[in-house]
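To start, the structure under review is shown below, and the notes come after it.
What follows draws every value from the coordinates through simple rules; no lab data is involved. These numbers were taken from a predicted model, which means no experiment stands behind them. Cβ placement follows ideal geometry from the backbone for every residue including glycine, while neighbour counts extend to all protein chains displayed.
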Amino acid sequence: MKPVEVNSLRKSYGNLKAVDGISFTVNEGEVFGLLGPNGAGKTTTIEILEGLRKKDEGTAKVLGFDPWQKGYELHRKIGVIPQDFTFFEKQTPREGIKYYADLFNVKIDPDEILKEVLLEDSAKNLFENLSGGQKQKMGLALSLVNSPDLLFLDEPTTGLDPNARRAIWEVIRGLKAKGKTIILTTHYLDEAQQLSDRVAIMDHGRIVAMGTSDEIIEKHGSGERLQIHGSEKLADYIRANTELKVEYSNGVISIPLKQKIDALAALAAAEQSKMDWGEIQTRRDSLDDVFVRLVSGTMDEHGEITGKSVHDKSSNQRRQ
Amino acid sequence: MEKLPEKAFMINPVIKGGSKLVSTKRIAADFKVFSRGYLRNKFGLFFGLIFPIILILIFGAIFSGSSSGTITVYAQNKDTGPFPTPQMDIATQFLNALNSSGTIRVVTVAASENFSQYLADHSASEGIVIPENFSANYLTAQQVDVTVYGNPTSSTSGIVTGTVSGVANYFNLQRFNGSMVIGLTQTTVNTQQTKYVDFLIPGLIGFSILVSPMFSLVNISSEYKKTKLFKQLSLTPLTKMEWLASKVLFYIVLSVVSFLLMVAVGVFAFGAHVTLTLWLIPFLILGPMLFAALGMLVGTVTKNPETAGVIGNIVTFPMMFLSGTFFPISIMPEYLQGIAHVLPLYYIIEGLNAVMVYANYAQALIDIAVVTAITIVIFAAAVKLFKWRED
Ligand SMILES: Nc1ncnc2c1ncn2[C@@H]1O[C@H](COP(=O)(O)OP(=O)(O)OP(=O)(O)O)[C@@H](O)[C@H]1O
Ligand SMILES: [Mg+2]
């Protein structure tokens, strides 16, 4: 049994398909990143898995439980940071942790958890006086009180300064090292790449790509390409004198490389042309490039991403 | 199909599943956090405890001032004549003389009223009845008695009796050289001598039983819904019944503290008479429970905190003024009294008055029954409609 198993999950709000038939599994001890633009359906998915919202169709099993029907049992075993975490304004982080410990009936040392999430300095400040990052850290602290094996972290680092983000990353890495399973949503691709074993990119309620970052880049990226800084005339010359596909925009000639040796042919042609050219480099699409291409709805010319019609259909529905 | 378990949970959360039994430890933990938050919030503290005291001081001062100057006395004039000339209407002259004494202010009551009942309804213990043919008897020098109602143990009644006998003597002297034509009979009124502040205390206790839990739960139940705090709590073992229980418990404690403070101020500042008996306990428990549930109901059925606030005020304000909080409802016009009878707070205040002022426990029992019934209905509705999580 995998900690999380989702199959053809659907959830609509009126005409809006917030989650539109997604399937995925999360392995034990894995950090699974859920990426996607605003309104993609990440929070809806996560809250269905937490047993906070009811699904319309499909199946979801979390630690073997149906999250909605067995929410009360499930909640003892999971830890959650909701998106926009809030707490009682007039309580301090230490008091909050003590409260959760009483509710979960566990004996823990609040200071230990506070230390773990780097919140010792603000342990005695009222929640209403904490900064955004400190609040997030408190959310993380509360999610750890019941020592869960499975954590759901919905945008744990949104709005944090780079240091605070890195601090939370460290906590997440520490949790992973302890063998915990983590589902993480984020808008930061570097964060997903740094922390996640696998990511799923959601858009309009669907998963448009899933796997390790490398797999996704491999599958949906354009592959390696040679870029030469030069004129459009040079681009035409290379095109005319080689078998290669040559693109040009803004002073950069871009040539997809089916094999490394293609680069040699391209450069030979450039040299032959006697024209001037500048810097040369090869580059691959980053996850950023793939993400932007996958979720923007504009298909690239190479037709590397299938399912354009699906995209258009769902964007129409959203405009209603 | 998926609805069933949730429904079972709503109706009887106590029974479902071994792990879901109500836990006093969790209620205590939530109680601790909530009361700590409350005490740290100066605003809540002010409205919960200080404000009712200020009201007692203000209203008590306003009304005790006027009542110590002149005493209001209800008078029923049964002498309807006929009077051949106005000078022969001795009864009216007698009442006018009483009025100009300066110590009492006569308020006439229609001859058709049952006078004892009228006094009881108006919570008055002093009254005067002028008998039929009073003027004719006086003019023909036949002995006739004015009846003075009063409580022998009360100093106010003593002043009234003294004043009436003084005026009667004056009339006797004027015409008969002092021989006893107009005499006095005394009727003891068994209602205790009550002062405005005696009503004010149960009224304002009712006020604080209403206001604190009501406003607070309207606010937090809509606010927690908006900020998703309820969702967060649903991720802990705390159940919504436990959550509500801890709120009700807190407001019961607050009501008792506020009750003791108000009674102390009433007694020491204004010499109020209040009876403290175990009969008060049902009201101090049911009241906060009722209004906490009502507040939660309002917060639950409304979409956002703004609407909740408005609806909360619409529910609270009429109750605040028409249930006998600041003045006895008997002095209100009939149609307002009709409205008062559908307001739950009315029965709480009526019951508190029955216990604290009149020692009328039969009445208190009826009020307890009514309040219990209303509480059960509101509480059940609130628990049924209140959801931790969304569908
Ligand atoms: N309770 C609701 N009622 C109506 N529509 C909803 C509700 N919850 C979510 N939606 C809609 O469902 C879609 C998905 O929302 P969701 O919160 O899951 O997105 P998200 O991927 O978490 O976005 P973000 O990155 O902004 O947090 C959005 O279009 C949202 O407006
Ligand atoms: Mg979200």
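Mind checking which aspartates and glutamates have their C-alpha under 18 Å from residue B:226, skipping anything on the same chain fewer than 8 residues away?
Straight-distance partners of residue B:226: A:47, A:84, A:89, A:128, A:154, B:306, B:390, B:391.
Based on the alpha-carbon gyration tensor of chain A and its eigenvalue square roots a ≥ b ≥ c, which shape applies: rounded if a/c is under 1.5, prolate if not and a/b is larger than b/c, or oblate?
It comes out prolate by the Cα gyration axes.
Restricting things to alpha carbons, tell me how big chain B is in terms of Rg and Dmax, in Å.
27.6, 98
Please tell me the relative contact order of the stretch A:224-283 in percent, rounded to the nearest whole number, where contacts are Cα pairs under 8 Å and at least six residues apart.
Relative contact order, the stretch A:224-283: 49 percent.
Can you tell me the length gained on complete extension of the stretch residue B:85 to residue B:188, counting 0.36 nm per residue apart and subtracting the Cα distance?
33.6 nm
To test your reading of the geometry: what angle, between 0 and 90 degrees and rounded to tens, separates the Cα axis of helix B:361-385 from the longest principal axis of chain B?
Approximately 30 degrees, to the nearest ten.
When only C-alpha pairs under 8 Å and at least 6 residues apart count, what is the relative contact order of the stretch B:71-187, in percent?
Here the relative contact order equals 30 percent.
Cross-link partners among lysines for residue B:25, C-alpha distance below 16 Å, same-chain residues fewer than 8 apart left out?
A:98, A:107, B:240, B:247
Can you tell which of A:63, A:267, A:74 shows the greatest fluctuation in a Gaussian network model of chain A with Cα springs below 10 Å?
Of A:63, A:267, A:74, the Gaussian network model singles out A:267 as fluctuating most.
Let me have the relative contact order for chain B, percent, based on Cα pairs under 8 Å that are six or more residues apart.
The normalised contact order for chain B reaches 18 percent.
Report, to the nearest 10°, how far helix B:305-322 tilts away from the longest principal axis of the Cα atoms in chain B, using its own Cα long axis and a range of 0 to 90°.
Approximately 20 degrees, to the nearest 10.
May I ask which residue of A:148, A:119, A:133 lies farthest towards the positive end of the charge dipole of the stretch A:107-178, with charges of +1 (Lys, Arg) and -1 (Asp, Glu) on Cβ and the Cα centre as origin?
It is A:148.
Which one, B:332, B:289, B:214, has the greatest fluctuation when you compute a Gaussian network model over chain B with C-alpha springs under 10 angstrom?
Its mean-square fluctuation being the largest, the pick is B:332.
Specify which residue in the list A:177, A:228, B:124 is farthest towards the positive end of the charge dipole of the protein assembly as shown, using unit charges on the beta carbon of Lys, Arg (+1) and Asp, Glu (-1), about the Cα centre.
A:177
Please report, in debye to the nearest 20, how large the charge dipole of chain A is about its Cα centre when each Lys and Arg carries +1 at its beta carbon and each Asp and Glu carries -1 there.
Its charge dipole is roughly 800 debye.
Positive end of the dipole of the stretch B:85-227, charges at C-beta (+1 Lys, Arg; -1 Asp, Glu), about the Cα centre: which of B:181, B:96, B:107 has its Cα farthest in that direction?
The one lying farthest along the dipole's positive direction is B:107.
Could you pull out the pairs from A:2/A:260; A:11/B:231; A:2/B:231 whose alpha carbons sit more than 30 Å apart here?
A:2/A:260, as the Cα separations exceed 30 Å there.
Treating only the Cβ of Lys, Arg, Asp and Glu as charged (+1, +1, -1, -1), what charge dipole size does chain B show about its Cα centre? Round to the nearest 20 debye.
2320
What is the dipole size for the protein assembly as shown, taken about its Cα centre, with +1 at each Lys and Arg Cβ and -1 at each Asp and Glu Cβ, in debye to the nearest 20?
920
Rounded, prolate or oblate: which fits the stretch B:65-175 when a ≥ b ≥ c are the square roots of the eigenvalues of the alpha-carbon gyration tensor, with rounded for a/c under 1.5 and prolate only if a/b beats b/c?
prolate
Using the Cα gyration tensor of the protein assembly as shown, with a ≥ b ≥ c the square roots of its eigenvalues, what is the shape: rounded (a/c below 1.5), prolate (a/b larger than b/c) or oblate (neither)?
Prolate, since a/c reaches 1.5 and a/b exceeds b/c.
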